[in-house]
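Engineer: Mind looking over this structure? Questions follow.
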Amino acid sequence: MSNWMPTLKILTAATLALLSLGCHAGRADAAAWPFWDAFRDGFIQDDGRVVDWTEGARTVSEAQAYSLFLALVANDRKTFDRVLRWTHDNLADGNLGPQLPAWLWGYDAEQDHWGVIDANSATDADLFIAYALLEAARLWQTPAYAVPARALLQQVIQQATVRQHEQALLLPAPVGFVTPDGTRLNPSYLPPFQLHFLAQAMPEGPWAAILADSVTALQASTPQGLAPDWLLLTPEGYRPDPEHGTIGSYDAIRVYLWAAMAVPGLDAVSQTQIALRPMLAHVRRLGAVPERWDVASGRAVGEGPPGFQFAVGPLLQAYGAGDLAQRVRLVGERSRSGALIGQPARYYDQVLALFAEGYRERRYQFDSKGRLILKWHRDSKH
């Protein structure tokens, strides 16, 4: 293994040892969140790699990023540091921060080895890593975490933010999304709480403009309240994505998850919730969160996997439909085996449900700046 963040010379040797060796207190209430414990034990290896077992045992940067966030919510610093180290060593070639992490790591059949398969980064993962590190620096009182976070944000600004057609845009990755047809965008990469947080933490950046324009994009691309997986910005405005068309499903489900997460005083959240409200009628009609919907026709079909049922629950609750939120949660619960959901238990279902359940149980909330308010942190003050 490489030395921890070797290029960041401003870190002291003592801090390097602290982060590298994990010489700190672990989670005090180790059994307080059984769902997280089951996910950690089932999907996170001892070295910190988060494994998507049903997708060829691959690892994506999103999984590493979400696990950092959830480990912080769980006050599981030992796991946080393991996941961070593996990400640093294996996805960023030992240079996380100055270098964006590769989005895909796994088995390369042509080369017959395990390693980075696609070095392009995934911007949603990059921002979640930065957010988790900045909040870990504050909540665990370890400023060293903030150093790679700020370096990551600078790289995202330089490589994955553009201004086109009078819109501030967050590219899904540095390479491959500005095309002759237009700029391809992913609405699920833009959690309002996160962009608002970044606008406070880094006011010189483009985050406030990206947040404002992302709300405009969502309003323009969801005429019937159904979010697309992908969309295209052209000189004539927002159009269907040339690869995915007008379909919403496994990407767009996160738009509904993030929209539920309230930030006091932030109009972007309420505006997003208004734009997405028609989904409520589809869930009532089907008795479950659909698996697939068409933005153009307004048709929603199928019963989504268990993670979908959990993911939309908090938004239904925000709409005052607590009865429906409970009903779809029970649809998801039917698949539970032990503390995990789904048979087989799929990585994506688990993280959607962990985000939703953690929020429903008030393990985490957000203040007016988009910062985390964590149950364990509140309890430690009493």
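Engineer: Under 9 Å between Cβ atoms, which residue pairs at least 6 apart in sequence (or on different chains) link something in region 34-46 that is more than 12 Å from residue 350 (Cα to Cα) and of a type in the set (Asp, Glu) with a partner that is modelled with pLDDT of 95 or more and buried (at least 20 other Cβ atoms within 10 Å of the Cβ)?
Structural biologist: 46/82
Engineer: Take region 127-153 and flag every residue that is more than 20 Å from residue 366 (Cβ to Cβ) and either in a helix (DSSP H, G or I) or at pLDDT below 95 (or both).
Structural biologist: If the condition is that a residue be more than 20 Å from residue 366 (Cβ to Cβ) and either in a helix (DSSP H, G or I) or at pLDDT below 95 (or both), then 143, 144, 147, 148, 150, 151, 152 are the ones that fit.
Engineer: Do you know which residues across region 291-342 are aromatic (Phe, Trp, Tyr) and either out of contact with any strand residue (DSSP E or B) (no Cβ under 9 Å at 6 or more places or on another chain) or at pLDDT below 95 (or both)? Can you show your working first?
Structural biologist: Within region 291-342, the first condition is being aromatic (Phe, Trp, Tyr), and the residues that meet it are 293, 308, 310, 319.
Across region 291-342, the qualifying residues are 308, 319.
Engineer: Please enumerate the residues belonging to region 334-353 that are surrounded by fewer than 17 Cβ atoms within 10 Å (Cβ to Cβ) and either out of contact with any helix residue (DSSP H, G or I) (no Cβ under 8 Å at 6 or more places or on another chain) or of a type in the set (Lys, Arg) (or both).
Structural biologist: Once the filter is applied, which keeps residues that are surrounded by fewer than 17 Cβ atoms within 10 Å (Cβ to Cβ) and either out of contact with any helix residue (DSSP H, G or I) (no Cβ under 8 Å at 6 or more places or on another chain) or of a type in the set (Lys, Arg) (or both), region 334-353 yields 334, 336, 337, 343.
Engineer: Within region 222-231, how many residues are out of contact with any Phe, Trp or Tyr (no Cβ under 7 Å at 6 or more places or on another chain) and outside any loop (DSSP other than H, G, I, E, B)?
Structural biologist: Qualifying residue count, region 222-231: 0.
Engineer: Starting from residues that are assigned to a strand (DSSP E or B) and among the charged types (D, E, K, R), keep the ones in region 154-186 and report whichever is surrounded by the fewest Cβ atoms within 10 Å (Cβ to Cβ).
Structural biologist: Only one residue tops the list, namely 163.
Engineer: Further question on the same structure: All but one of (1) surrounded by 16 or more Cβ atoms within 10 Å (Cβ to Cβ); (2) outside any strand (DSSP E or B); (3) more than 19 Å from the chain's Cα centre (by Cα) hold for residue 116, so report the exception by its number.
Structural biologist: All conditions are met except number (2).
Engineer: If you take the residues of region 322-371 that are touching a Pro at 6+ places or on another chain (Cβ under 6 Å) and not in a helix (DSSP H, G or I), which of them is nearest to residue 128 (Cα to Cα)?
Structural biologist: 368
Engineer: I'd like the residue in region 242-257 that is surrounded by fewer than 21 Cβ atoms within 10 Å (Cβ to Cβ) and in a strand (DSSP E or B) and, out of all such residues, is nearest to the chain's Cα centre (by Cα). So that I can check it myself, show each step before the final result.
Structural biologist: At the first step, the residues of region 242-257 found to be surrounded by fewer than 21 Cβ atoms within 10 Å (Cβ to Cβ) are 242-247, 249-251.
Okay, now just the ones that are also in a strand (DSSP E or B), so 245, 247.
Details: 245: 23, 247: 20 Å.
Out of the qualifying residues, it is 247.
Engineer: Could you grab the pairs with beta carbons closer than 6 Å, sequence gap of 6+ or different chains, first residue in region 303-326 and in contact (Cβ under 8 Å) with a residue 12 or more places away in the chain and more than 13 Å from residue 282 (Cα to Cα), second one of a type in the set (D, E, K, R) and buried (at least 18 other Cβ atoms within 10 Å of the Cβ)?
Structural biologist: Close Cβ pairs (under 6 Å, with a partner that is of a type in the set (D, E, K, R) and buried (at least 18 other Cβ atoms within 10 Å of the Cβ)) amount to 305/349; 306/349; 307/349; 313/329.
Engineer: Being buried (at least 17 other Cβ atoms within 10 Å of the Cβ), over 16 Å from residue 96 (Cα atoms) and of a type in the set (D, E, K, R) narrows it down to one residue among 204, 135; which is it?
Structural biologist: Going through 204, 135 in turn, the sole match is 135.
Engineer: Determine, yes or no, whether residue 46 is touching a Phe, Trp or Tyr at 6+ places or on another chain (Cβ under 9 Å) and either over 26 Å from residue 199 (Cα atoms) or surrounded by 24 or more Cβ atoms within 10 Å (Cβ to Cβ) (or both).
Structural biologist: So residue 46 does not fit the description; no.
Engineer: A further question follows. For region 287-308, indicate whether the set of residues that are β-branched (Val, Ile, Thr), assigned to a helix (DSSP H, G or I) and either under 26 Å from residue 239 (Cβ atoms) or within 20 Å of the chain's Cα centre (by Cα) (or both) is non-empty.
Structural biologist: No, the conditions are met nowhere in region 287-308.
Engineer: What is the residue count in region 187-197 for residues that are closer than 19 Å to residue 153 by Cβ and either in a loop (DSSP other than H, G, I, E, B) or not aromatic (Phe, Trp, Tyr) (or both)?
Structural biologist: Residues that pass the stated criteria total 6.
Engineer: Okay, next question. Suppose we filter region 50-105 for residues that are surrounded by fewer than 22 Cβ atoms within 10 Å (Cβ to Cβ), in contact with a His (Cβ under 9 Å, 6 or more places away or on another chain) and not polar (S, T, N, Q); how many remain?
Structural biologist: 3
Engineer: Take residue 214 and tell me if it is buried (at least 20 other Cβ atoms within 10 Å of the Cβ) and at pLDDT below 95.
Structural biologist: For residue 214, the condition - buried (at least 20 other Cβ atoms within 10 Å of the Cβ) and at pLDDT below 95 - is not met.
The values are calculated or read from the model by the stated rules, or taken from the named source; none is laboratory data. Quick caveat: nothing in here was measured; it's all calculated off a predicted structure. FYI the Cβ positions are ideal-geometry reconstructions off the backbone, even for glycines, and counts take in every protein chain you see.
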